[in-house]
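Each remark here refers to the structure printed beneath this line.
Throughout, read-outs are computed from the coordinates displayed, never taken from laboratory work. What you see is a predicted model, and the numbers here were worked out from it, not measured in a lab. Every residue, glycine as well, gets a Cβ built from its backbone with ideal geometry; the counts of neighbours run over all protein chains shown.
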């Protein structure tokens with residue numbers, strides 16, 4: 001099976017200038033976990049996930065409408081061609097530990113292939129033969145394997161110490177009072 005046979009064609013997208021509110025709306029209304037970020041020419045310049053959105057809200061302490069997609073998107077994006085074999089897509093997902101791949105042809109976004117797409121087509125026979133179910137299970141297992149922890153300098157007492165700017169930002173966010181919550185009486 002080739003990627004084109006199992007991908008989502010014409011996926012929802014956003015631009016770097018869009019607010020996180022508009023990205024959140026697309027996530028909610030279309031049951032998405034990631035959005036390709038495209039420029040005016042339709043070229044993929046990034047990817048933003050629902051987790052990126054949540055972490056942006058938490059770490060900045062700003063309302064979503066005050067944050068842009070471009071500031072919080074991943075700029076390192078792995079993509080695949082529409083005519084590539086689905087096995088190649090699965091291998092790329094496995095080695096990079098990612099669940100979604102933009103599908104690009106001639107530099108422009110034409111689709112999105114996800115782990116769910118590969119799972120839905122698993123076991124199909126004939127011309128559109130999908131991955132073997134055991135391969136999909138192995139792929140899921142590999143993607144979900146914890147990544148090696150990032151190296152964080154340890155303090156003298158053996159506890160992990162975040163960098164000074166990170167620690168300052170987190171303390172600042174934690175000191176803020178929650179907004180928009182009704183007071184208990």
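For an R0 of 25 angstrom, estimate the FRET efficiency from the Cβ-Cβ distance between residue 40 and residue 2 and round to the nearest 0.05. Efficiency, rounded to the nearest 0.05: 0.30.
Counting every other Cβ atom within 10 Å of each residue's Cβ, 20, 64 order from fewest to most as 64, 20.
Label sites at residue 97 and residue 50, each approximated as a point 7 angstrom past Cα along Cα to Cβ, lie 2.1 nm apart.
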